[in-house]
Amino acid sequence: MAEESKTIKQIEYLTIFGATILLFALGFMAIPLMYEIEDPREEDYIVKVTAEQWAWKFEYPNGEIISELNIKSGETVKLEMESTDVIHAFYVRDLHIKFDIIPGRVKEIWITPETPGEYWIQCAEFCGAFHGAMRTKMIVVE
Amino acid sequence: MSELRRWDYYTWGFIIIVTYIIIDIIGGGQTIGSSWTPYPIDNIGMQIQRLYSIVWLAGEIVSALFIGSLFWLSIKYWDREQKSEME
């Protein structure tokens, strides 16, 4: 019985320390990346993004405003994102990023897509009746 | 409740391993399917996916430990003498 209780204790310690080490290891790997995502990079140009119920607007440096995000592959683009009404979220599945856009604040992010193609930009924060339709495309050209 | 014998630990471990394999097959064999997480198109996305894969693997291992142990406990301590109440 004593032997069994010793073994069970060993299993308990193994589980507790194993889970702790795993969580800390994941934290150590994830935290620098979290900072890296939002770390300012030298951008090629700035695009102002306006999110509103239920559309996206992208304003380019030449003053042109369109409803799609066009980027050349390999270029670093700074997105200055604002919302005119409620909270929205800028979500690009293929970039693996999702950022909230809060009214009254400017959210800045830097992206450098490398693979040409068409990718969905979807609002990922419930923003009203047509939230599901609030999506557009990010077109990455060569 | 009887003491655990060496054989019990072997079956316990075996059931956990089998459960892990089943979970791994159901979960797509450690390759995250393009249907819901596409291949990342930039360097940061790649790093995020790498971390996500580790979390995925850890989740599979923890799930296998819990579900496998549950199966093993059910088999080990199943009271075979008890009569069905349906009769």
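We did not get these values from a lab; they are worked out from the coordinates using the rules stated. Note that the structure is a prediction, hence the values are computed from the model and not measured. As a convention, Cβ positions derive from the backbone with ideal geometry for all residues, glycine included, and neighbour counts pool all protein chains shown.
3J(HN,Hα) along segment A:41-49: 10, 6, 9, 7, 6, 10, 10, 8, 10 Hz, from the Karplus curve 6.51 cos²θ - 1.76 cosθ + 1.60 with θ = phi - 60°, whole Hz, x for Gly and Pro.
Cβ neighbours within 10 Å, averaged per peptide: list B:5-18, B:59-72 in order, most packed at the top. Before the final figure, lay out the partial values.
Numbers: B:5-18: 13.0, B:59-72: 15.8.
Ranked by mean Cβ neighbours within 10 Å, highest first: B:59-72, B:5-18.
Inter-label distance, A:V141 to A:E12: 6.6 nm, where each label sits 7 Å from its Cα along the C-beta direction. Note on the protein assembly as shown: with charges restricted to the Cβ of Lys and Arg (+1) and Asp and Glu (-1), its dipole about the Cα centre is near 600 debye. Scanning residues 5 or more positions from A:K98 or on other chains, none has an amide H under 5 Å from its amide H, with H placed 1.01 Å from N in the peptide plane.
Could you pull out which residues in segment A:61-104 have an amide N less than 17 Å from a spot 7 Å beyond the Cα of A:A129, following the Cα-Cβ vector? Only A:86 fall inside the zone, counting backbone N under 17 Å. The calculated P(r) of chain A, using every Cα pair and 5 Å bins from 0, goes 2, 9, 15, 18, 15, 10, 6, 5, 5, 4, 4, 3, 2, 1, 0, 0 in percent. Axis of helix B:6-26 versus longest Cα principal axis of chain B: the two differ by about 40°, to the nearest ten degrees. Annotation: for a label point projected 7 angstrom from Cα along Cα→Cβ of A:E43, residues of segment A:64-99 with backbone N closer than 11 Å are A:76-82.
Comparing A:I31, A:I21, A:I11 in a Gaussian network model of chain A, where Cα atoms under 10 Å apart are tied by springs, the biggest mean-square fluctuation is seen for A:I11. Under 13 Å from a label point set 7 Å out along the Cα-to-Cβ vector of A:E68, the amide N atoms of segment A:112-142 belong to A:117-121, A:136-142. Just checking the listed ones, A:E108, A:E42, A:E12: in the Gaussian network model of chain A with Cα springs under 10 Å, the one fluctuating most is A:E12.
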